[in-house]
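Inspection log for the structure reproduced underneath, given as structure tokens.
The values are calculated or read from the model by the stated rules, or taken from the named source; none is laboratory data. On a predicted model such as this, the values are computed, not experimentally measured, just so you know. So basically every Cβ, Gly included, is an ideal-geometry build from the backbone, and we count neighbours across all protein chains shown.
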Amino acid sequence: MTDTIFAPTTAPGRAAVAVVRLSGPATAEAVRTLSGRLPAARRASVRRLAHAGVEIDTALALWFPAPASYTGEDCAEFHVHGGPAVVAALLEALASLGLRLAEPGEFTRRAFEHGKLDLAQAEGVADLVDAETEGQRRQALDQLGGRLSEAQARWRDGLIRASAMLEAAVDFPDEELPADVARRARPILEILADELEAAAADVARGEQVREGFRIALLGAPNAGKSTLLNALAKREAAIVSATPGTTRDIIEVPMVLGGYKVVIADTAGLRETVDEIEAEGVRRAEAWAEGAGLRVWLVDGYGDPEPEVPASLRRGDIVLLTKRDLGEGLEGLPGEPFTAKSPNDVAWLERALTDTVVEALAGGEPPAATRLRHRDLLGEAAQRLRHALAEEEAVELAAEDVRLAARALDRITGRIDPEDVLGRIFSTFCIGK
């Protein structure tokens, strides 16, 4: 990479301070041109920025010579006043010097390509930038700190040891090696296959932390789902009406419970209907609920003379007998008496939802792998090891499966990865990172 890039690293718009970052071989010359001279390495210096005889701003300039920088290249930062006109003038000056505006994620990609970060850690950077909750922040820091990378290195070391035993049996059959040298790899491969399968299964927990734990509100029309959603959201997120079937589509409301992002969905009332639009709403409600981490069933146990008790309860579902403020309810119905008009009832439900979310997402060790890409590669590696274990007599085939398992693990951290995969990952970053 011979070009030098620049980009604002702070959000656009009016602010007290804006930061513009540079990286590449022409960084030092650009800093000298705009500020007169290079500041001392890694020390903020006040500089008057000017170009073509026109003053831009009085700013802080920082200089990070390679390789001790974020990208591993010569880098610099200008901290200027955050007015849009100031930032625009600085960006225009940099462009006129022959520097190029960075693409999304290009600074972090350069850090990856210079060995400052591996691919899993780079994904942690993206997650940290996007983090909205405490749970997301902690998980992103774990990945940026190398949690998955360290696990991958340990798994890979085990594969190397097992592969050495198998390769010895294949390449040196006439040497004075133990007769069971190939079989000695089996316990190592069994442990590794178990660990990889467990890590792949735990990816769903990491995805829920990143994307949000899904909670579905389900029930017949007029059971009180929209009223409950508004009470939990503390705003008018859904239309409340006495007309059955008012909610036709999924209404999602993001919230934070126990430091974790959750997405609560009001869904269409579940019933048989000949209305094509309402039927589609019911289908979408059932599909959304199928993938939800928690389902809250609302049953009108006080206003409906023939309430429909949910027939498809699964373990962990919550059943609320709604509208208890209307008077006497029916006997023998499963569930908790509830009314969304009672602050105490709503507070109780919030605590119950929070307990469920925290138990689901915070239990045990944080997940090492957090993305579907990780799950697929871990699953591929585990499958290869299962094949190797099944080919005990065909040592050559077992050795090849172990090599392919190691290649799958290497793609997690980017030791080997197709160019299109790298492009797709870094394109999700914001410009300036």
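Of the residues Asp345, Asp304, Asp325, which is buried (at least 19 other Cβ atoms within 10 Å of the Cβ) and either part of a helix (DSSP H, G or I) or among the acidic types (Asp, Glu) (or both)? Spell out the reasoning first.
Numbers: Asp304 fails: buried (at least 19 other Cβ atoms within 10 Å of the Cβ); Asp325 fails: buried (at least 19 other Cβ atoms within 10 Å of the Cβ).
Checking each option against the conditions leaves just Asp345.
Which residue, of Asp420, Asp410, is assigned to a helix (DSSP H, G or I) and at pLDDT 90 or above? Don't jump to the end; show me each part of the working.
Numbers: Asp420 fails: at pLDDT 90 or above.
The match here is Asp410.
So which residues in segment 50-94 are among the small types (Gly, Ala, Ser) and touching a residue at least 60 places away in the same chain (Cβ under 8 Å), if there are any at all?
Gly82, Gly83
Looking at Ala340, Ala311, which is the one that is aliphatic (A, V, I, L, M), outside any helix (DSSP H, G or I), touching a helix residue (DSSP H, G or I) at 6+ places or on another chain (Cβ under 8 Å) and assigned by TED's automatic domain parsing to the domain that holds Lys225? Walk me through it before giving the result.
Working: Ala311 fails: touching a helix residue (DSSP H, G or I) at 6+ places or on another chain (Cβ under 8 Å).
The match here is Ala340.
Residues are listed down the side, and each one gets a yes or a no for (1) among the hydroxyl-bearing types (Ser, Thr, Tyr); (2) in a helix (DSSP H, G or I); (3) under 11 Å from the mean Cα position of the chain (by Cα):
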residue: Pro104; (1), (2), (3): no, no, no
residue: Ala111; (1), (2), (3): no, yes, no
residue: Arg137; (1), (2), (3): no, yes, yes
residue: Ser149; (1), (2), (3): yes, yes, no
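Of the residues in segment 358-382, how many are over 19 Å from Lys261 (Cβ atoms), within 16 Å of the chain's Cα centre (by Cα) and assigned to a helix (DSSP H, G or I)?
Counting residues in segment 358-382 that are over 19 Å from Lys261 (Cβ atoms), within 16 Å of the chain's Cα centre (by Cα) and assigned to a helix (DSSP H, G or I) gives 4.
If Ala340 passes every condition in (1) in contact with a Ser or Thr (Cβ under 7 Å, 6 or more places away or on another chain); (2) loosely packed, with under 15 Cβ neighbours inside 10 Å but one, which one does it miss?
Status for Ala340: all satisfied but (2).
Look through segment 119-155, keep the residues that are surrounded by fewer than 20 Cβ atoms within 10 Å (Cβ to Cβ) and charged (D, E, K, R), and return whichever of them is farthest from Ser23 (Cα to Cα).
Arg154
Only residues in segment 271-285 that are under 20 Å from Val299 (Cα atoms) count as the first member; pair them with residues that are in a helix (DSSP H, G or I) and of a type in the set (A, V, I, L, M), Cβ under 6 angstrom, at least 6 apart or cross-chain, and list the lot.
Qualifying pairs under 6 Å: Thr273/Ala279.
Which residue pairs have Cβ atoms under 6 Å apart, sit 6 or more places apart or on different chains, and have a first residue in segment 203-230 that is within 30 Å of Tyr302 (Cβ to Cβ) and a second that is among the charged types (D, E, K, R) and in a helix (DSSP H, G or I)?
Final answer for the pair search is Leu217/Lys225; Gly219/Lys225.
What residue, of Ala238, Ala265, is within 19 Å of Ala340 (Cα to Cα), touching a Leu at 6+ places or on another chain (Cβ under 9 Å) and part of a loop (DSSP other than H, G, I, E, B)? Break it down into steps so the answer makes sense when it comes.
Working: Ala265 fails: part of a loop (DSSP other than H, G, I, E, B).
Unique residue meeting the criteria: Ala238.
May I ask you to list the residues in segment 377-397 that are of a type in the set (D, E, K, R) and touching a residue at least 24 places away in the same chain (Cβ under 8 Å)? Spell out the reasoning first.
From segment 377-397, those of a type in the set (D, E, K, R) are 380, 384, 386, 391-393, 396; that's our starting set.
If the condition is that a residue be of a type in the set (D, E, K, R) and touching a residue at least 24 places away in the same chain (Cβ under 8 Å), then Glu380, Arg384, Arg386, Glu392, Glu396 are the ones that fit.
Do any residues in segment 114-135 that are farther than 22 Å from Val358 by Cα have Cβ atoms under 7 Å from those of residues that are among the basic types (Lys, Arg) and crowded, with 18+ Cβ neighbours inside 10 Å, where the two are at least six apart or on different chains, and which pairs are they?
Within 7 Å, the pairs are Glu123/Arg371; Val125/Lys433; Val129/Lys433.
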